[in-house]
Amino acid sequence: MSEVQTVENMVSITIDGVDYKAKEGEYILNAARANDIFIPAICYLTRCSPTLACRLCLVEADGKQVYSCNAKVKEGMEITVSTPDILAERRAMMEVYDVNHPLQCGVCDQSGECELQNYTLELGVDSQSYTIQDTKREATNWSSVLHYDPGLCIVCERCTTVCKDMIGDAAIKTTKRGGEALDKAWKDEMPKDAYAMWNKLQKSVIAPSNGTEHTNCSDCGECVAVCPVGALVSRDFVYTSNAWDLKKIPATCAHCSSGCQIYYETKPASIEDRTEKIFRVTNEWNYVSLCGAGRFGYDFENRTATKDATTFAAAVKAFKKAKVINFNSVITNEEALMLQTLKEKLGVKLINREARAFQRFLGFYSEASGQSLYSLDFKEVMATDFVMSVGSSLRNDNPNARYAFNNVQKLNKGAGLYFHPVGDTLVPTFGKNIEMFAHKVGHEEAALLFIIKLFADQDKLPSSVKEQLDSDFVELLGGDTAKFEKSFEKMMKKKESFSLMVGEDLYFHEKAENLAKLIAVLEASSEVKVAMIPPKTNSLGVALICDLDDEAEGYTIGYNESGDFKLSALGDGDLDMPAMNQQEGTLTNMHKRVTPTNAALEYNGYVLNDIVREVASAPKETIMWTEHLPVSKGFKAVEFDSLPNHYTNDGVEHRGYLLESTSVEVEEISVDKFDDSNALEGEIAYRCNPQRQFNDFSDKAHQIFEGFGLYTSPAKAEALSSKVEVEFANGKLTLDVIVDERMEGDIVAIPDFKSAENIYELFAGSRYQTVTIKEV
Amino acid sequence: MDATHLPEVTAAGVIIKAVLILAVIAAIAGFGTYIERKILAFMQRRYGPQHVGPYGLLQLVADGIKLFTKEDIIPQHANKIIFAVAPVITAATAFIALAAVPVFPDFTIPFIDVYVPSIASDINIGILFVLGMMAAGLYGPLLAGMAQANKWGIIGSARTAIQFLSYEVVTGLSILAPIMMVGSLSFVDFNDYQADGTWLVVYQPVAFILFLIAGFAETNRTPFDLLEHEAEIISGYVTEYSGMRWGLFFIGEYANMITIGVIASVVFLGGYNDFWIFPGWLMIIGKIAFSFFFMLWVRAAWPHVRPDQLMWLCWKVLMPLAVVNVVITGIVIMLVQ
Amino acid sequence: MSLEQFKNRNVGTQNYKTLDLDHTPVTGMGQFKQVVSRTFKPELFVGLWVTFREMINALFRGKMHTTQYPFEKLPISPRYRAIHDMLRLLESGHYRCIGCGLCEKICISNCITMDTQYDENQRKEVSEYTINFGRCIFCGYCAEVCPELAIVHGPRYETASEQRASFSLFEDMLTPIDQLNLQQEYQGFGAISPNADENIKKTPLAY
Ligand code: SF4
Ligand code: SF4
Ligand code: SF4
Ligand code: SF4
Ligand code: SF4
Ligand code: FES
């Protein structure tokens, strides 16, 4: 948690006569949870707004009945969790939930971890007093991953809440059930809140909010995760396993740099095949939200690997003569350290394009700001009330950045500025106070200067910046100056904390150094703090650990990338490597946190450590490298096995450790002059993956359906045929045109998740390229 | 029957008789197991063997094949020679004892004209010989138990020693009274003594009972089968035996049962004299069969005794009774003469 | 034996006979008397008579006690726990198992495994079910926990076979569909107790 628990912002409360401390302004429910006190509650989600759907969290505070998920603690507050009245209410509510609830726990997927089961037992419901005619409700599939059984739904609205407040899609909403009206007689007979709850429950079910039968959302599956009952289940998982049969393996998602906490849940595949298989991925949904790749893209393991001594010998030979190792960011810190060791001992060159770009950018930033790492992590971003984003396609690049942007709008009554050349229809819907600038490619510096102009204290600015601030940036960035001034005034109301997220566009920018300096200037002269989105899974770790090279020639070893000798966790190389769900190690995520991940599935082949032991020297196990990660870069010398991986009841993240960041004094920064004629013109392609694709591994998973093609806005697609040839300066591609409903404008997106397509080469060190698109 | 009226006893006749006894008794011993199993089963309302051959009759063939073909195991630490010899002693002594016992009436084989006597060797101290031989049979279990390097075997042999030796006394004393009356040790004389139809048991009921009881002990039959009492000492002196060696003990035991039956019939129950319309050979077979049956019957009905009870019975009850019986018989004979 | 007898667990009212045993004599005279009385009592002959009488009964009065086992079998108690049967619904013939996995969970020797899936009727289908009889201890927990009385212990106690696997699959245990009419309701471990009706509360229904 971002806020420091100082004595000043703590208040004293008593719960059931015992004194506790709680954070000021916190909801009673959260305060109780932080102190390990149990208050029944179903509908509340920790990082979302209270909906008051279940009313179970009723408590007595200072003699009044309040909903603990919605009432804030006050100094000296006396709270009683259960009074006879409240107990009667709660029992009545649980009875109401059980009215017409199908007695099918025996087959239900949620059985064993079902909150309806739990609370029914907890509150001792052993008889039913209420009754009403049931309504026929048919199970449907909302999307390629979502299965909704309204018969089981208790309309707690957790799914709609998380979709709106956290994910931002707001793809589902409550709708009319068309059930029998409640008999008014109940009103006098039953407890008040229970009646009110029932009245609402009886009228509603959940449905896609676009009015069709299908959600057309980002298929993140977070609604499935939060559903307390078996109403929402992933289509792939329905009726395949009971919760208690699955072994939970705490891990870190390996698809993007968010590094989310996940559990791989495994059990033997079937009666014939007793090898462990991942049946689903779950998460601590109160504290972390996954994206669709994390939740559904889990079966990318390397199944075919065996210990074949000949290929291993060939690999060792290849390493001995290698001049270059070409790898990407889907790699653990330990492996990165191994490669760095090889560089030091054998003098090979290390190539990792995305991590190198990020490393350079981070280097420029550190040089200018004196800080070894960027200031904010993304949890802190979520706690601010004004958030901005430059240089990142928020919807596609990094789910957690996007969730943060959305959550700020929803929960902190926040405001946001979104700068990106590729227009987006979703981002503006996150909140009322969002301004979007679809600026020209190449005008990123202008965006930063504009932010400086808006937020910086003019006196603190270096002269090289100050002199550039006169232009009308709104106009330049494609906005309407007059309109913006009005709305900006509104946006700034009651705002206290400001954050800026920057993304990959800037790292691959030809003026990257200048951009980094501008960011440093912004931080030095204003209250805006910056968070950076590392381009790929462990780019931050690799950038810190490895000494990467820009160019290299000679015999190349590719690790999940092309090369003369290929190590591959995909099973298509010369020597097999374990995939991320088959190995132990740590990853450095965008929250500047080094998190442990564990092997969920068995792996029978060789690992990188075996090779390193042969060609240089290495300890027995990969995880013995963990304690040797470079302390000078902020890592800690701790053993892998001592790294925790969980959250506590107060929401504090105990996963690995946070990187130390250091700061030194720096001299005044001098920036280059911004040249607005540098903008890219013509047909522009953008290197950007679809929402649930990040790399070859997400692509391998059977529940990720997004294909490799040319993504365009609906309008642009009209102008193109279904298959096109895209010609770059140094090559061409033939791609299917895929419409992304939420894209706007003429820029087309070409994914890079298939390493075999060598997309980075085509884009030649930038994220944007002018291309020619021809029909085929 | 006057011996002088009989044809001469030739060596060929004796050999034939010996082979006959060996074959028939061995076969009967085998058959005895079948009878025993059947009788015991009936008395417990079971069927007993019934699947091999008609009425399970071929069971004994099956068992025989099994015994013959079983692996012959000699324990590692056993004294191998004695271990091998012991069962032979038991079987041999049992059969040797039968040499002096009249088993069937005499007959002449037609055509070759060989006379086969009723007794292989009618020595005039027949009874003494038989008792002596049976007593010598004690070496079988004794050596077997001691040679097999097994604690249950040792206990078995210790019990052999005390049980057989003690009851030898009772057997001897109990049979002494009839001997005094008949004045001979020859079985033929005993038979002839009762030719008038009055069985000796009428004069010597106490001696008869004592002899029977001792006979159970001597043949190691329930309720006195302490030598191999499986509930206490696994299988006693035969614990380590298997296959044909074990079979020899078995044959010896059954042969002894027949011997005891023969002695009891000849000494106390009128021998092979004709009785009413029944010829002598039928009578003796009937008597032996009954005494055999009686042994089985007892086994079905009565429980084991403890070793201390056995000794108590021998030395405190049976032996004094036998002595008293001898003394009284002596006095009566004196008075009558 | 009828079920009633099995259900009558009140063993306290059974008619036991107590033996009238003498006390062991302690005085010399007492012991002497005991010896004399034992010697002359015809008890031994009673024993002989009893066995003889039973032999007569067996041979001539048809009171032979033997069950000729492989050809003749005694009925076993419904509480007996032998190789499992999977029952079917009498009305539809569909297997009763709903795939809830409770048996799998409770199984003390971890020998039940099942595969389930979503079928075309939107129901949970048990695609395969197996018990490893090499490990099953016939504790009956699975039968007891089963909410559907789907898995029960059947009367097949002859479990010797070349491979135990030969009766451990779903089809092996499931009542053959053509013998549905012969399917017996299970009375043993985990069956509904006779007073089940008294123990449940009724749910009001709107229709
Ligand atoms: S949702 Fe919960 S209570 Fe309802 S059937 Fe499923 S497990 Fe049972
Ligand atoms: S689907 Fe689940 S989460 Fe959504 S309202 Fe229904 S019960 Fe709640
Ligand atoms: S899958 Fe994600 S985006 Fe789609 S409805 Fe569920 S929570 Fe919303
Ligand atoms: S009887 Fe017991 S051990 Fe056997 S399958 Fe059932 S629960 Fe498992
Ligand atoms: S407990 Fe019964 S219904 Fe449930 S899976 Fe086992 S056999 Fe099937
Ligand atoms: S948790 Fe507070 S109303 Fe549901």
Where a ≥ b ≥ c are the square roots of the eigenvalues of the C-alpha gyration tensor, would you call segment A:68-191 rounded, which needs a/c under 1.5, or, failing that, prolate if a/b is larger than b/c, or oblate? oblate
Whose amide H sits under 5 Å from the amide H of A:Val737, counting only residues 5 or more places off or on another chain, with H placed in the peptide plane? A:Leu710, A:Lys723, A:Val724
Given a 1.4 Å probe, how much area per residue of the protein assembly as shown is accessible, in Å²? 45 Å²
Summed buried accessible area for C+A [probe radius 1.4 Å, Å², rounded to 100]: 1900 Å²
In whole Hz, what ³J(HN,Hα) sequence does segment C:89-95 give by Karplus (6.51, -1.76, 1.60; θ = phi - 60°), x for Gly and Pro? 6, 5, 6, 9, x, 6, 5
Those residues of segment A:231-275 for which accessible area with every protein chain present is at least 10 Å² below the isolated value (1.4 Å probe): A:Val238, A:Tyr239, A:Thr240, A:Asn242, A:Trp244, A:Asp245, A:Lys267, A:Ser270, A:Ile271, A:Glu272, A:Arg274
If you find the alpha carbon centre of segment A:675-730 and of segment B:111-174, how far apart are they in angstrom? 109 Å
List, largest first, the extents of the alpha carbons of chain A along their principal axes, each in whole Å. 83, 69, 59
Residues whose modelled amide H sits under 5 Å from the amide H of A:Ile325, counting only those 5 or more places away in sequence or on another chain, are A:Lys349, A:Leu350, A:Ile351, A:Ile557
Along each principal axis, Cα extent of segment B:94-230, largest first, Å: 54, 42, 22
Per-residue accessible area for A:Lys321 at 1.4 Å probe radius, Å² rounded to 10? 110 Å²
Karplus-derived HN-Hα couplings along segment B:19-29 (A = 6.51, B = -1.76, C = 1.60, θ = phi - 60°), whole Hz, x at Gly and Pro: 4, 4, 4, 4, 5, 5, 5, 4, 5, 5, 4
Cα-only radius of gyration and Dmax that characterise segment C:37-96, units Å: 23.8, 75
Rounded to 10°, Cα long-axis angle of helix C:43-60 versus longest principal axis of chain C: 50 degrees
How big is the gap, in Å, between the Cα center of segment C:175-194 and the Cα center of segment A:71-106? 42 Å
quick shape note, segment B:269-333: Cα extents on principal axes in Å, largest first -> 45, 39, 12
Going from the alpha-carbon gyration tensor of segment A:370-532, what semi-axes, largest first and in whole Å, does one get by taking the root of 5 times each eigenvalue? 21, 18, 17
Asked for the total accessible area buried by B and C (1.4 Å probe, Å², nearest 100), one would answer 1600 Å²
Tell me, Kirkwood radius of the protein assembly as shown from alpha-carbon pair distances, in Å? 40.5 Å
If you bin the C-alpha pair distances of segment B:23-74 every 5 Å from 0, what whole percents do you get? 5, 20, 23, 23, 16, 9, 4, 1
Within the protein assembly as shown, percent of DSSP bridges classed antiparallel, to nearest 5: 65 percent
Which pairs break 23 Å Cα to Cα here: B:Lys316/C:Lys33; A:Lys432/A:Lys483; A:Lys164/A:Lys379; A:Lys440/A:Lys754? A:Lys440/A:Lys754
Heavy-atom accessible area, 1.4 Å probe, ligands and nucleic acids excluded: residues of segment A:124-138 down by at least 30 Å² from chain alone: A:Asp126, A:Gln128, A:Thr131, A:Gln133
Write down the percent of antiparallel bridges among all DSSP beta bridges whose residues are both part of chain A, to the nearest 5. 60 percent
What shape does segment C:84-193 take by its C-alpha gyration tensor, where a ≥ b ≥ c are the square roots of the eigenvalues and a/c under 1.5 counts as rounded, a/b above b/c as prolate, and the rest as oblate? rounded
With N residues in chain C, what two-decimal value do you get for its Cα radius of gyration over 2.2 N^0.38 Å? 1.62
Using alpha-carbon coordinates alone, the radius of gyration and Dmax of segment C:61-103 in Å work out to 17.9, 56
Taking C:Leu44, A:Leu52 and ranking on accessible area (1.4 Å, protein atoms only), highest first, one gets C:Leu44, A:Leu52
Rounded, prolate or oblate, given the Cα gyration tensor of segment A:680-775, with a/c below 1.5 counting as rounded? oblate
From the backbone phi of segment A:589-598, what are the Karplus-calculated ³J(HN,Hα) couplings (6.51 cos²θ - 1.76 cosθ + 1.60, θ = phi - 60°) in whole Hz, Gly and Pro given as x? 9, 5, 7, 6, 10, 9, 10, x, 10, 10
How much accessible surface does C:Phe138 have with a 1.4 Å probe, in Å² rounded to 10? 50 Å²
Stokes-Einstein D for segment B:3-336, Kirkwood Rh over Cα pairs, 25 °C, 0.890 mPa s (µm²/s): 118 µm²/s
Ignoring ligands, DNA and RNA, the residues of segment B:283-301 whose accessible area with a 1.4 Å probe is reduced by 40 Å² or more relative to the chain alone are B:Trp297
Find the percent of Cα-Cα distances in segment A:1-109 that exceed 25 Å, and round it to a whole number. 28 percent
Rg/Rg_ref, segment C:24-66, where Rg_ref = 2.2 N^0.38 Å and atoms are Cα: 1.86
With the calculation restricted to Cα positions, what are the radius of gyration and Dmax of segment C:110-149 in angstrom? 12.5, 36
Can you show me the helix-derived [θ] at 222 nm for chain A, built from DSSP H runs with n ≥ 4 at -39,500 (n - 2.57) apiece and divided by the number of residues, rounded to the nearest 500. -7500 deg cm²/dmol
Report, to the nearest whole %, how much of the accessible area of the protein assembly as shown belongs to carbon and sulfur atoms, 1.4 Å probe, protein only. 55 percent
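The values are calculated or read from the model by the stated rules, or taken from the named source; none is laboratory data. Since the structure is predicted, the reported quantities are computational estimates derived from the model, not experimental observations. The protein model used for the area step is the full one, side chains on, heavy atoms only, and it has no ligands, DNA or RNA in it. Shrake-Rupley method; radii C 1.70, N 1.55, O 1.52, S 1.80 Å.
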